[in-house]
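J.: Here it is, the structure, as structure tokens.
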Amino acid sequence: EVNVSPWNAPPELPDPLPPPEEKTRVVTPFRYRYCFNYCVFSYSMAFWDWPQWEQVIDWMALQGINLPLSVTGQEAVWQAVYRDLGLSDADLDAFFVGPAYLPFGWMGCMDGWGGPLTRDWIDRHAALQRKILERERAFGMTPVLQGFTGHVPEALSRVRPEANYQKLPSWCGFPGTTFVDPRDPLFREVGRRFVEEQTRLFGTDHYYASDTFIEMSPPSDDPVFIKAMAEAVYGAMAAADPDAVWLMQGWLFVNNPEFWKEAQTEALLTALPNDKMLVLDLWCEFKPAWELTKAFYGKPWIWCIIHNFGNQVTLHGGLPQITQNLDKAVNSAERGDLRGMGLIMEGLDYTPVVYDLMGELFWRPQCSDLNAWVAAYARRRYGRDNANAAEAWRLLLATAYQVPGRAVSDLCMRPKLDSAETVPGSQRNYDVVQLARACSLLLTAANELGNNDAFRYDLAHVLRQVLSDLAVPFRAGIASAYHTGDRERLRVAGNRFLELLRDTDALLATREEFLLGRWLADARYWGCTEEEKAHYEWNARNQITLWGPAASPLNDYAAKQWAGLTVGFYLPRWQQFLQRLDASLKAGKPFDAEGFEKDIRDWEAAWTHGKESYPDKSSGDTITVARRLWEKYGS
């Protein structure tokens, strides 16, 4: 057995392949094996072309995924529908968001930010979507296309003033968007036109994703309104496709429980016959919604994991929670109509073991001995047994892979000064020393496994997390030095932190998976002119830093420990912070946190418009660099 992963180079296989010793048949209990969160089309796939898509579709086929969200290129559909309704290209330029933010336009969170989209972008992505759908359907998959949510361009009220519109509240500081009242005939008309045009361009498999008010409260909590809204969302699909099935994310019940109380939840979920809706329970490894909603009032539903938020680079997994919570759901008398499992990650992430475990659970939902499974996984991944690697993976399971939530890195956070009473220690939700032991064992195993690409990736990723964990006490040393008023100690602590950033960058530079330059090159690839290339690069830079305007509350939500970003963005940001701390001690004045925050936002905004280039090819040898850094930091 070998491990096949889209994260690493393909394994070396014998030619011809040896025949199986005996015929094996495994039958899954799950009708549906789902894949993709809307956000992954932003945080991972924003600038993908066919080669990346081909690889991940092939990987999905190997996992047995048969229900992928497939919403690339939908701007071509909206363009045709809204032009036919009388809107101008200028109206659409104000409506379509930029390429790094498309899912947040699709979900109705914002209009126009990061735009406009060029006609070339729209046409090429429509063509890309046709290739994606052709490959997915060829593998027997059922692509889930887009449905109408009610979100429309504000300009539609100019050409159809007789309709009833609602202004939604702000999402994360962005101006509220325009929503057609679901009881207005225009709602059904726009939704019908959209599905008809989408079917003309891309065909249909009768499943449509629609998430009205995904992270925003509806304008009314009246169950009568909620019921009418659900009927309208489905009615718009069914007007064009009588066989339509509405696929809905159950995130709203977890994200906004203050609004979605029992009466509102029941009104939404019971508005349609059970066979017309399929619900995704997103966060089952941490906070399952099926237990909060009477198993979605009888609607068929899919047990999913989010695992990753913002496609941040962290080592975590919650493997025990996945196996235990799935077992609980499968065996509960209260599970309702559980029909499937799914991956609904915000980004494709950097921890393939999580998705390999899920891929196995799709077919065998019982995992009675997770330690044994992980040991077998390490053997498959590296192609042979190795005692040090096996022990390293035992420790990984006992530490980082016990944690279902990401470990946000102090290296990547916007610097701030903690009060003397709350200076952080080195606590994580796992034993950082035991994680470091795992890293040491992997380094020992490098003599035997060093030629395996997956091993090299894992070594880099584990050591990266060890260094990231060291940033916590290093940052605490900075705060402590400041509060004691010791400038020399502050200088030493600050230099130690900056050196950690440089060393982390050197490690990341050895792997193409961790390069800022690749992300920026992929963004620029889509531009036909230098102006377009610069605009797409700005989208790419903004998403992973400010995430919006300078005052955005989402800053660093999609932060990345990437070579280039570490020394090109995080390091100079920390340098400015340390200079301000030293200046305040020198002057005998309190640190001006508010002034620093304002100035650093302006600096960050300027960086997003930068033109400096970063390598898009790896440099240095992972094992050599890892050994040097372990000698430096291991103790």
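J.: Among all residue pairs at least 6 apart or on different chains, which show Cβ distances below 6 Å where the first residue, located in region 361-378, is in contact (Cβ under 8 Å) with a residue 60 or more places away in the chain and on the phi > 0 side of the Ramachandran plot and the second is outside any helix (DSSP H, G or I) and open to solvent by 20 Å² or more (accessible area, probe 1.4 Å)?
T.: Partner pairs satisfying both residue conditions: none exist.
Residue by residue, here is whether (1) open to solvent by 50 Å² or more (accessible area, probe 1.4 Å); (2) among the hydroxyl-bearing types (Ser, Thr, Tyr); (3) outside any helix (DSSP H, G or I) holds:
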site: Ala267; (1), (2), (3): no, no, no
site: Asp275; (1), (2), (3): yes, no, no
site: Leu280; (1), (2), (3): no, no, yes
site: Phe286; (1), (2), (3): yes, no, yes
site: Ile302; (1), (2), (3): no, no, yes
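J.: Let me ask something else about it. Regarding Leu252, is this residue crowded, with 17+ Cβ neighbours inside 10 Å, within 18 Å of Thr293 (Cβ to Cβ) and modelled with pLDDT under 95? Full working, then the answer.
T.: On the way: crowded, with 17+ Cβ neighbours inside 10 Å: yes; within 18 Å of Thr293 (Cβ to Cβ): yes; modelled with pLDDT under 95: yes.
In short, yes.
J.: So, one more: Any residue at all in region 507-527 that's crowded, with 18+ Cβ neighbours inside 10 Å, closer than 19 Å to Ala471 by Cβ, touching a helix residue (DSSP H, G or I) at 6+ places or on another chain (Cβ under 9 Å) and not hydrophobic (A, V, I, L, M, F, W, C)?
T.: The answer is no; no qualifying residue exists.
J.: Give me the pairs, please: first residue somewhere in region 514-534 and more than 15 Å from His125 (Cα to Cα), second residue anywhere and among the polar types (S, T, N, Q) and open to solvent by less than 40 Å² (accessible area, probe 1.4 Å), beta-carbon distance under 8 Å, and either six or more positions apart or on two chains.
T.: Cβ pairs passing all conditions: Phe514/Gln561; Glu532/Thr118.
J.: Now for a different question. Given the residues Leu546, Leu585, Leu554, which is the only one that is out of contact with any Pro (no Cβ under 9 Å at 6 or more places or on another chain), open to solvent by less than 10 Å² (accessible area, probe 1.4 Å) and either at pLDDT below 95 or of a type in the set (A, V, I, L, M) (or both)?
T.: Result: Leu546 is the single residue among Leu546, Leu585, Leu554 that is out of contact with any Pro (no Cβ under 9 Å at 6 or more places or on another chain), open to solvent by less than 10 Å² (accessible area, probe 1.4 Å) and either at pLDDT below 95 or of a type in the set (A, V, I, L, M) (or both).
J.: Return yes when Leu92 is in a helix (DSSP H, G or I), open to solvent by less than 10 Å² (accessible area, probe 1.4 Å) and touching a residue at least 40 places away in the same chain (Cβ under 8 Å) and no when it is not.
T.: yes
J.: Give me the residue from region 420-451 that is among the small types (Gly, Ala, Ser) and modelled with pLDDT of 95 or more and, out of that set, farthest from His483 (Cα to Cα).
T.: By that ranking, first place goes to Gly450.
J.: Still on this model: Identify the residue in region 404-432 that is touching a Ser or Thr at 6+ places or on another chain (Cβ under 9 Å) and β-branched (Val, Ile, Thr) and, among all such residues, is most open to solvent (accessible area, probe 1.4 Å).
T.: Step by step, filter region 404-432, then rank; the result is Val408.
J.: Then there is this: Can Pro51 be described as open to solvent by 70 Å² or more (accessible area, probe 1.4 Å), within 21 Å of the chain's Cα centre (by Cα) and more than 30 Å from Pro300 (Cα to Cα)?
T.: Taking the combined requirement at face value, the residue satisfies it.
J.: Another question about this same structure. Can you tell me which condition Lys533 does not meet? The list is (1) charged (D, E, K, R); (2) surrounded by 18 or more Cβ atoms within 10 Å (Cβ to Cβ); (3) over 16 Å from the mean Cα position of the chain (by Cα), and all the others hold.
T.: Lys533 satisfies every listed condition except (2).
J.: If you don't mind, there's one more thing I want to ask. Can you spot a residue in region 448-466 that is over 22 Å from Val313 (Cα atoms) and assigned to a helix (DSSP H, G or I)?
T.: Within region 448-466 (the criterion being over 22 Å from Val313 (Cα atoms) and assigned to a helix (DSSP H, G or I)), the answer is yes, since at least one residue qualifies.
J.: Would region 292-299 turn up any residue that is part of a loop (DSSP other than H, G, I, E, B), basic (Lys, Arg) and open to solvent by 10 Å² or more (accessible area, probe 1.4 Å)? Don't jump to the end; show me each part of the working.
T.: In the first step, residues of region 292-299 are kept if they are part of a loop (DSSP other than H, G, I, E, B); the result is 292-293, 298-299.
When the remaining residues are screened for being basic (Lys, Arg), the result is 299.
This time we only want the ones that are open to solvent by 10 Å² or more (accessible area, probe 1.4 Å), so: none.
The answer is no; no qualifying residue exists.
J.: Right, here's the next one. Residues in region 375-382: is at least one farther than 27 Å from Leu546 by Cβ and in contact with a Lys or Arg (Cβ under 8 Å, 6 or more places away or on another chain)?
T.: Just the residues of region 375-382 that are farther than 27 Å from Leu546 by Cβ, to begin with: 375-382.
Still in the list and also in contact with a Lys or Arg (Cβ under 8 Å, 6 or more places away or on another chain): 375.
Yes, some residue in region 375-382 is farther than 27 Å from Leu546 by Cβ and in contact with a Lys or Arg (Cβ under 8 Å, 6 or more places away or on another chain).
J.: Name the one entry in Tyr350, Tyr355 that is assigned to a loop (DSSP other than H, G, I, E, B), aromatic (Phe, Trp, Tyr) and under 20 Å from Ala460 (Cα atoms). Outline the logic, then answer.
T.: Working: Tyr355 fails: assigned to a loop (DSSP other than H, G, I, E, B).
Result of the check over Tyr350, Tyr355: Tyr350.
J.: Oh, and also: Taking the condition touching a residue at least 24 places away in the same chain (Cβ under 8 Å), of a type outside the set (Ser, Thr, Tyr) and closer than 19 Å to Tyr234 by Cα, does Leu156 pass?
T.: no
J.: Within region 459-501, take every residue that is closer than 19 Å to Thr624 by Cα and over 26 Å from the mean Cα position of the chain (by Cα) and give me the one that is most open to solvent (accessible area, probe 1.4 Å).
T.: Only one residue tops the list, namely Glu499.
J.: Could you check region 521-635 for helices (runs of 4 or more DSSP H) lying wholly inside it with 1 or more residues that are among the basic types (Lys, Arg) and closer than 23 Å to Leu348 by Cβ?
T.: On the way: elements: 530-543, 571-587, 593-608, 622-633.
Once the helices (runs of 4 or more DSSP H) in region 521-635 are filtered for at least 1 residues that are among the basic types (Lys, Arg) and closer than 23 Å to Leu348 by Cβ, what remains is 530-543.
J.: May I pose another question? When you go through (1) touching a helix residue (DSSP H, G or I) at 6+ places or on another chain (Cβ under 6 Å); (2) surrounded by 21 or more Cβ atoms within 10 Å (Cβ to Cβ); (3) part of a helix (DSSP H, G or I) one by one for Trp260, which number turns out not to apply?
T.: (3)
J.: Can you tell me which residue is surrounded by the most Cβ atoms within 10 Å (Cβ to Cβ) among those in region 1-42 that are of a type in the set (S, T, N, Q) and in a loop (DSSP other than H, G, I, E, B)?
T.: This residue is Asn37.
J.: Do the conditions hold for Arg339, that is, is it touching a residue at least 60 places away in the same chain (Cβ under 8 Å) and open to solvent by 10 Å² or more (accessible area, probe 1.4 Å)?
T.: Criteria met by Arg339.
J.: Moving to a separate point now. Would you pick out the residues in region 344-353 that are within 14 Å of the chain's Cα centre (by Cα), of a type in the set (A, V, I, L, M, F, W, C) and surrounded by fewer than 24 Cβ atoms within 10 Å (Cβ to Cβ)?
T.: Leu348
J.: Just give me the residues in region 455-493 being under 28 Å from Leu443 (Cα atoms) and among the acidic types (Asp, Glu), in sequence order.
T.: Scanning region 455-493 gives Asp458, Asp469.
J.: Among Leu571, Leu578, which is buried (at least 18 other Cβ atoms within 10 Å of the Cβ), over 29 Å from the mean Cα position of the chain (by Cα) and within 28 Å of Leu516 (Cα to Cα)?
T.: Just a single option satisfies the conditions, and that option is Leu578.
The values are calculated or read from the model by the stated rules, or taken from the named source; none is laboratory data. Small disclaimer: the values here were computed from a predicted structure and weren't measured. Reconstructed Cβ throughout: ideal geometry from the backbone, glycine too, with neighbour counts over all protein chains shown. Only protein heavy atoms, including side chains, enter the accessible area calculation; ligands, DNA and RNA are left aside. Shrake-Rupley method; radii C 1.70, N 1.55, O 1.52, S 1.80 Å.
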